[in-house]
Amino acid sequence: MSRIDREKWNKRYRDGAYAERTHSSEFLQDWVGRIPTGRAIDVACGSGRNSLYLAKLGFDVDAVDISSQALDLALKTAQGMGVFVNWLEHDLDEPLQLKNRYQLILIIRYVNLPLIRQLTANLAPGGFLVCEQHLVTEADVIGPTSPSYRVRSGDLLTVAEGLDIKHLEEVLVPDPDGRTAALARLVAQK
């Protein structure tokens, strides 16, 4: 992303966007009990709702986002909860140099298919990729209006090539706010 993108996301968080989204992803909640606790990375973590949830469960979490505003909010929340998360400000359109192997790589509603494919190399043996993306659809759904910010049917299966697919679905679901979302969801294991 460019400087303009960074400023756009900082403004959104400064203006209170996503402030009501403090709950962790239901999809993550459904799967986390099947994933051994260990090192995790939350990619495009925003203000940290999923990172904080994982840290409370005992994961050693790296959390990456472009927005310093979002990460500042996340840090304050973590301090108030008494949990530690390694918050990393990074433009995810630039290469992400990771030294760690992860038991869990989490990507929720951030579309960057080449990055997802690259990150699978950082899975520890037996590690899990958990990914939920907005899906291209003709239905009236929430989320981005541009197909550039949605995956097409089959995209997640393609980026998980070489992994053991544990779960794959492309569905219309009610979001926590009661509106309908079109989602592609994947859980794959190395």
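The values are calculated or read from the model by the stated rules, or taken from the named source; none is laboratory data. Just so it is clear, the model here is predicted, and its values are computed rather than measured. Reconstructed Cβ throughout: ideal geometry from the backbone, glycine too, with neighbour counts over all protein chains shown. Just the protein is used for accessible areas: all its heavy atoms, side chains included, with ligands, DNA and RNA removed. Shrake-Rupley method; radii C 1.70, N 1.55, O 1.52, S 1.80 Å.
Partners of Lys166 within straight-line reach, counting lysines whose Cα lies under 23 Å from its Cα and excluding those fewer than 8 residues away in the same chain: Lys190. With the whole protein complex present, Glu132 retains an accessible surface near 10 Å², based on a 1.4 Å probe. Basic side chains Lys and Arg get +1 at the Cβ, acidic Asp and Glu get -1 at the Cβ, and with that the dipole of the chain about its Cα centre reaches some 380 debye. Note on the chain: GNM, Cα springs under 10 Å; of Ile116, Ile35, Ile107, the largest mean-square fluctuation is that of Ile35. With no solvent and one equal point scatterer per Cα, compute the Debye intensity ratio I(q)/I(0) for the chain at 0.11 Å⁻¹ and report its log10, rounded to two decimals. Relative scattering, expressed as log10 I(q)/I(0), comes to -0.46.
In this structure, the amide hydrogen of Ala181, modeled 1.01 Å from its nitrogen in the peptide plane, lies closer than 5 angstrom to those of Ile142, Val173, Asp175, counting only residues at least 5 positions away or on a different chain.
For the options Gly38, Gly143, Gly178, a Gaussian network treatment of the chain with springs between C-alpha atoms closer than 10 Å singles out Gly178 as fluctuating the most.
For the range 6-139, averaging the sequence separation of C-alpha pairs within contact (under 8 Å, six or more residues apart) and dividing by the residue count gives a relative contact order of 24 percent.
List the lysines whose alpha-carbon lies under 29 Å from that of Lys11, not counting same-chain residues fewer than 8 positions away? Within the straight-line limit of under 29 Å, Lys11 reaches these lysines: Lys56, Lys76.
What does the accessible area per residue of the chain come to in Å², with a 1.4 Å probe and no ligands, DNA or RNA counted?
Per-residue accessible area for the chain comes out at 50 Å².
Of all DSSP-defined beta bridges confined to the chain, some 45% are antiparallel rather than parallel.
Ranked from largest to smallest solvent-accessible area, with a 1.4 Å probe on the protein heavy atoms, Glu138, Glu7, Glu161 come out as Glu138, Glu161, Glu7.
Of the listed residues Lys56, Lys8, the order by accessible area with a 1.4 Å probe, largest first, is Lys56, Lys8.
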